[in-house]
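Everything below concerns the one structure shown next.
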Amino acid sequence: MSIDELVAVNSLLIERETCLADLSHIESTISDILGTPYPFDAPQVELPSQKKGKRAKALKQPKAKAAPKIRRLKEGETGYRVTLTENGETKTHDLLDFAPFQKLLAKPLPHHRIQSVATLDDTLNVADTLYELT
């Protein structure tokens with residue numbers, strides 16, 4: 001909202017408050033003259049501020065799939081082999097610790113997606129596949 005719009009809205013709100021105060025004063029003055037409360041009819045015009053709108057139901061968000069936990073290395077396993085697609089190019093990384101990639105597995109970057117995670121044996125051959133993108 002611009003400054004001009006804010007000033008215009010505030011001016012109208014002040015004018016509305018003044019009109020409501022005048023109406024209240026007129027009604028109480030009439031009741032004072034009569035000595036009893038006058039049975040005023042409700043206004044024939046429905047004010048926008050008195051309308052009750054229906055609340056929109058909040059959309060249910062699908063639950064995010066939890067990223068798979070990659071287990072620790074077992075006896076005889078020496079590291080992890082991570083295959084990922086990076087900007088359309090498939091790359092393979094051999095790692096001693098998978099922790100830096102755990103966040104990437106949970107929330108992939110726009111152009112990075114882990115395709116598979118496997119453990120390596122002493123001869124750097126795949127011992128066990130822990131994760132494959134389906």
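The values are calculated or read from the model by the stated rules, or taken from the named source; none is laboratory data. Values in this document were obtained by computation on a predicted structure and should not be read as measured data. Every residue, glycine as well, gets a Cβ built from its backbone with ideal geometry; the counts of neighbours run over all protein chains shown.
A few remarks follow.
- Checking each residue in segment 88-134 for being within 17 Å of Arg72 (Cα to Cα), in contact (Cβ under 8 Å) with a residue 24 or more places away in the chain and of a type in the set (S, T, N, Q) picks out Gln102, Ser116, Thr119.
- Residues of segment 16-58 classified as surrounded by fewer than 10 Cβ atoms within 10 Å (Cβ to Cβ) and among the acidic types (Asp, Glu), total: 2
- Test: residue in segment 39-47 that is assigned to a helix (DSSP H, G or I) and at pLDDT below 90: no
- Qualifying residue in segment 65-86 (condition: under 30 Å from Leu12 (Cα atoms), among the small types (Gly, Ala, Ser) and within 33 Å of the chain's Cα centre (by Cα)): no
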